[in-house]
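What follows is a short report on a single structure.
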Amino acid sequence: MSQDTLFDKVWDLHKVANLPGGSDQIFIGLHLIHEVTSPQAFGALKDKNLKVKFPNRTVATVDHIVPTDNQSRPFKDNLAEQMIDTLEKNCLEHEIKFFNIGSGNQGIVHVVAPELGLTQPGMTIACGDSHTSTHGAFGSIAFGIGTSQVRDVLASQTIAMNKLKVRQIWCENKLPNGIFAKDLILNIINQLGVKAGVGYAYEFAGPAISALSMEERMTICNMSIEGGARCGYINPDEKTFSYIKDRIFSPKEENWEKAIKWWKSLQSSDSSIYDDVFKLDASKIEPTITWGITPGQSISINQKIPTLKEIEPCDQFIAGEAYEYMGFKPGQSIKDTPIDVCFIGSCTNGRISDLRIAAEVLKHHKVAKNIKAFVVPGSEMVAKEAKEEGLDRIFINAGFQWREPGCSMCLAMNSDKLMGNQVSASSSNRNFKGRQGSPNGRTLLMSPAMVAAASIAGKVSDVRDFINK
Amino acid sequence: MKSIFNPPIGSISEINGKCISLIGDDIDTDRIIPARFLKCINFDALGKSVFDDDRKTLKGNHPFDLECNNGASILIVNSNFGCGSSREHAPQALMRWGIKAIIGESFADIFYSNCIAIGIPCFTLPSSTIKTMQKYTDNKDFFLKIDLYKSIALAKDLKFNLEIKESSKKMFLSGEWDATSTLLANKSLIEEKINELPYIKFNNDSP
Ligand code: SF4
């Protein structure tokens, strides 16, 4: 059993009781909700005749279903309109803070909460969304929950859960130039596999992690769940504190000093004990792309798609499915694969630094013919900053469509979808069958810089050829 | 599909039913219920849309479409079943199609806790046993009688020792899988906790 890690300390601090069944009752410090996984929870609350226990510990925004072209109300899609309307009514009725479209703070829930300073070290954070692991970048214990648990948090501010084990993922050295957090996390998932994290929290540590900016750290923790880990976190440091300082909900004045002191006390230390440790050399990583139908099926730009013989026996079945679905031949190279759609956005890579990097690649270039390319900022705040810096112009001049914030084609609940068996170069996090809205659409996951490079060349390309010139 | 859906309530100790097998590792919740069906404010209509994309692709040959699987209620799956999105719509859709229990090699964390929260016990068995079961299921109608108390599943001439987390088993037997009232019973402890957490104080009344 792990001991004295940040995870242990935060877990123990939030433990309310041992439940009769043997699991722990855990207090949730911050509860985030959105329109897709909350309506049924509010419905259940009503059925049980219960109230929201601590309304000011829940914060709402709307992200999954919002259109990114025309956001005027009512939405064209009746069902989407019904969902946002239901969220508005529920928040009003239960006095929950709601950052709606036009508030200046709407956006993908995992982009918005850190921007507002809501996400802080040492908290437990839950949201009816698996990428809640993102918030662990700040040294919080953050995990996705289902709708019944959303109901439980609303009703009691607690959930029943078994304590996770802790695996430290130690990343030695530094990422080379032109290699990004996305490449690193894709490699971690590839090496450990998509189910290795089941039952674990991942602690990302080591010089390569310390060197990352807060936004890059969010990219890493965001995809913990793609490695099976419900929760991923990074110990807070000066970068964490300076990111949080002076945001709307950050502690102010004398409370700031108190907060820092407490946050520092939470860090894992040399004497912490882990259930497992995995080491990786970040300096060896190259631009990485998925070729299959799970985020673990990735290779670097100069590698060939593995043959069945090169794949572990337990992963061969899904590899066979992937060859068939993707239409790739084992042994074929991934470089130069033609692309139809380029998507930059999502809670993995839709932040301001992602847009800056992509814009840097796109400057003085044009999107290749017949490519549909669009960029969807992660939040209204990201969009505003990008416009102030002129990034929107760079994207538009290159031939990208500039859209309004939301989840968009990460999961295609609005009209942004792949058609037929189109291939997308996507900065999002899931390449599952049908994920981007077409039952036979194909997704190649990569960093936003690599998406930009692919958009210029019209095919999978090495971004280092564009930035190192 | 059953026309009237009755969600489980109270103690769950025994499940009898026909098995349906679904072969494949890493079957994610996007496949179980594609995102377009998430545009709903209740779960009622999800049953018919379970595996919609996969079923369309297989044009009637998907296990959930085969006539021989009509009325099945015990799903046999392989490893990492239910990975990906946290959408409870996935187990809700399975449950509304008729699934009452799942036996697999392994389950993704969030999917597993969603199943517990809505009253679907998930059991694990070694890969080789699952594969044997899936062969039986493919060849003929295969019925199992699951006894949660003893953690066994009985077929006509076979017996399987099922594995289930002790805490989940207790919850099903006692009926406490529907956790809200158990959690609320500790009302005063919850209030003590909120007063004791440092960040609640230094954040004043935010968030
Ligand atoms: S951007 Fe994608 S992964 Fe992130 S919350 Fe939205 S749908 Fe989920």
Next item on the list: Would you mind telling me which numbered condition in (1) crowded, with 24+ Cβ neighbours inside 10 Å; (2) within 8 Å of chain A (Cβ to nearest Cβ) residue B:56 fails?
Entry: (1)
Next item on the list: Go through (1) under 23 Å from residue A:135 (Cα atoms); (2) away from chain B (no Cβ under 11 Å) and name the single condition residue A:58 misses.
Entry: (2)
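Taking residue A:235, is it open to solvent by 10 Å² or more (accessible area, probe 1.4 Å) and either charged (D, E, K, R) or free of Cβ contacts under 8 Å to residues at least 60 places away in the same chain (or both)? Steps first, answer last, please.
On the way: open to solvent by 10 Å² or more (accessible area, probe 1.4 Å): yes; either charged (D, E, K, R) or free of Cβ contacts under 8 Å to residues at least 60 places away in the same chain (or both): no.
It is false that residue A:235 is open to solvent by 10 Å² or more (accessible area, probe 1.4 Å) and either charged (D, E, K, R) or free of Cβ contacts under 8 Å to residues at least 60 places away in the same chain (or both).
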Next item on the list: Being open to solvent by 10 Å² or more (accessible area, probe 1.4 Å) and among the aliphatic types (A, V, I, L, M) is the filter here, so list the residues in the stretch A:21-58 that pass it.
Entry: A:44, A:50, A:52
Next item on the list: Kindly check whether there is at least one residue in the stretch A:103-115 that is away from the ligand (no atom under 16 Å from the Cβ) and open to solvent by less than 10 Å² (accessible area, probe 1.4 Å).
Entry: no
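If I filter the stretch A:378-395 for residues that are over 27 Å from residue A:134 (Cβ atoms), open to solvent by 70 Å² or more (accessible area, probe 1.4 Å), part of a helix (DSSP H, G or I) and away from the ligand (no atom under 16 Å from the Cβ), do I get at least one hit? Quick ask: steps written out before the conclusion?
Filtering the stretch A:378-395 down to residues over 27 Å from residue A:134 (Cβ atoms) leaves A:390, A:393.
Those left that are additionally open to solvent by 70 Å² or more (accessible area, probe 1.4 Å): A:393.
Then drop every residue that is not part of a helix (DSSP H, G or I), which leaves A:393.
Then drop every residue that is not away from the ligand (no atom under 16 Å from the Cβ), which leaves A:393.
Checking the stretch A:378-395: at least one residue is over 27 Å from residue A:134 (Cβ atoms), open to solvent by 70 Å² or more (accessible area, probe 1.4 Å), part of a helix (DSSP H, G or I) and away from the ligand (no atom under 16 Å from the Cβ).
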Next item on the list: Please go through the stretch A:88-114 and pick out each residue that is in a helix (DSSP H, G or I) and within 11 Å of chain B (Cβ to nearest Cβ).
Entry: A:89, A:90, A:113
Checklist line | Matching residues, the stretch A:165-200, being within 14 Å of another protein chain (Cβ to nearest Cβ), out of contact with any Ser or Thr (no Cβ under 7 Å at 6 or more places or on another chain) and open to solvent by 10 Å² or more (accessible area, probe 1.4 Å) | finding: A:167, A:192, A:193, A:196, A:199, A:200
Margin query: Considering only residues that are touching a residue at least 40 places away in the same chain (Cβ under 8 Å), under 17 Å from the mean Cα position of the chain (by Cα) and within 8 Å of another protein chain (Cβ to nearest Cβ), which ones fall in the stretch A:417-439?
Written below: A:430, A:432
Notebook entry, point to check: Just for the stretch A:115-134: of the residues that are farther than 13 Å from residue A:201 by Cα and in a helix (DSSP H, G or I), which one is nearest to the chain's Cα centre (by Cα)?
Noted result: A:131
Notebook entry, point to check: In the stretch A:400-416, how many are within 12 Å of another protein chain (Cβ to nearest Cβ), within 9 Å of the ligand (Cβ to nearest atom) and not aliphatic (A, V, I, L, M)?
Noted result: 3
Note to self: Among the residues of the stretch A:201-213, what is the count of those that are farther than 27 Å from residue A:312 by Cα and open to solvent by less than 20 Å² (accessible area, probe 1.4 Å)?
What the structure shows: 5
Item checked: Which listed residue is more than 8 Å from chain A (Cβ to nearest Cβ), open to solvent by less than 10 Å² (accessible area, probe 1.4 Å) and hydrophobic (A, V, I, L, M, F, W, C), from B:76, B:12 -> B:76
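State whether one or more residues within the stretch A:448-468 are within 14 Å of the ligand (Cβ to nearest atom) and at pLDDT 95 or above.
Here is the first cut: in the stretch A:448-468, the ones within 14 Å of the ligand (Cβ to nearest atom) are A:448.
This time we only want the ones that are at pLDDT 95 or above, so: A:448.
Yes, the stretch A:448-468 contains at least one residue that is within 14 Å of the ligand (Cβ to nearest atom) and at pLDDT 95 or above.
Return yes or no: is residue A:218 within 28 Å of residue B:28 (Cβ to Cβ) and either under 18 Å from the mean Cα position of the chain (by Cα) or open to solvent by 10 Å² or more (accessible area, probe 1.4 Å) (or both)?
On the way: within 28 Å of residue B:28 (Cβ to Cβ): yes; either under 18 Å from the mean Cα position of the chain (by Cα) or open to solvent by 10 Å² or more (accessible area, probe 1.4 Å) (or both): yes.
Criteria met by residue A:218.
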Note to self: For the stretch B:25-48, which positions are buried (at least 16 other Cβ atoms within 10 Å of the Cβ), among the small types (Gly, Ala, Ser) and over 16 Å from the mean Cα position of the chain (by Cα)?
What the structure shows: B:35
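Residues checked against (1) in contact with a strand residue (DSSP E or B) (Cβ under 6 Å, 6 or more places away or on another chain); (2) open to solvent by less than 10 Å² (accessible area, probe 1.4 Å); (3) more than 14 Å from chain A (Cβ to nearest Cβ):
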residue: B:116; (1), (2), (3): no, no, no
residue: B:148; (1), (2), (3): no, yes, no
residue: B:160; (1), (2), (3): yes, no, yes
residue: B:173; (1), (2), (3): no, no, no
residue: B:192; (1), (2), (3): no, no, no
Check: Would you say residue B:51 is within 14 Å of chain A (Cβ to nearest Cβ) and at pLDDT 95 or above?
Finding: yes
Next item on the list: Identify all residues within the stretch A:417-447 that are within 15 Å of the ligand (Cβ to nearest atom), in a loop (DSSP other than H, G, I, E, B) and hydroxyl-bearing (Ser, Thr, Tyr); write none if there are none.
Entry: A:427, A:428
Next item on the list: Say whether the condition of being under 30 Å from residue B:199 (Cβ atoms) and either within 12 Å of another protein chain (Cβ to nearest Cβ) or without any contact (Cβ under 8 Å) to a residue 24 or more places away in the chain (or both) is met by at least one residue in the stretch A:63-76.
Entry: yes
Notebook entry, point to check: Looking at A:315, A:354, A:276, which one is away from the ligand (no atom under 16 Å from the Cβ), more than 14 Å from chain B (Cβ to nearest Cβ) and charged (D, E, K, R)?
Noted result: A:276
Next item on the list: Report yes if residue A:137 is within 16 Å of the ligand (Cβ to nearest atom), assigned to a helix (DSSP H, G or I) and within 15 Å of the chain's Cα centre (by Cα), otherwise no.
Entry: yes
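Out of the strands (runs of 3 or more DSSP E) lying entirely within the stretch A:249-331, which hold 1 or more residues that are surrounded by fewer than 21 Cβ atoms within 10 Å (Cβ to Cβ), of a type in the set (Phe, Trp, Tyr) and in contact with a helix residue (DSSP H, G or I) (Cβ under 8 Å, 6 or more places away or on another chain)? Working first, answer last.
Numbers: elements: A:276-281, A:288-290, A:298-300.
Answer list for the stretch A:249-331: A:276-281.
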Margin query: If I ask for residues that are facing chain B (nearest Cβ under 7 Å) and either hydrophobic (A, V, I, L, M, F, W, C) or part of a strand (DSSP E or B) (or both), which ones from the stretch A:144-160 would you list?
Written below: A:144, A:145, A:155, A:158, A:160
Next item on the list: Please state which of the following conditions residue B:141 fails to meet, knowing it meets all the rest: (1) more than 9 Å from every other protein chain (Cβ to nearest Cβ); (2) surrounded by fewer than 21 Cβ atoms within 10 Å (Cβ to Cβ); (3) part of a helix (DSSP H, G or I); (4) in contact with a strand residue (DSSP E or B) (Cβ under 7 Å, 6 or more places away or on another chain).
Entry: (3)
Note to self: Here is a check on your reading of the model: is residue B:90 within 8 Å of chain A (Cβ to nearest Cβ), crowded, with 24+ Cβ neighbours inside 10 Å and either modelled with pLDDT under 95 or closer than 18 Å to residue A:35 by Cα (or both)?
What the structure shows: no
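So which residues in the stretch A:221-232 are part of a helix (DSSP H, G or I) and either more than 10 Å from the chain's Cα centre (by Cα) or free of Cβ contacts under 8 Å to residues at least 12 places away in the same chain (or both), if there are any at all? Talk me through it step by step, then tell me what you get.
Initial filter on the stretch A:221-232 (part of a helix (DSSP H, G or I)): A:221-227.
Listed by number, the list holds a single entry, A:227.
The values are calculated or read from the model by the stated rules, or taken from the named source; none is laboratory data. Keep in mind that this is a model prediction, so the values were computed, not measured. Every residue, glycine among them, receives a Cβ derived from its backbone with ideal geometry; neighbour counts consider all protein chains shown. To get the accessible areas, we keep the full protein, side chains included, count just its heavy atoms, and leave off ligands, DNA and RNA. Shrake-Rupley method; radii C 1.70, N 1.55, O 1.52, S 1.80 Å.
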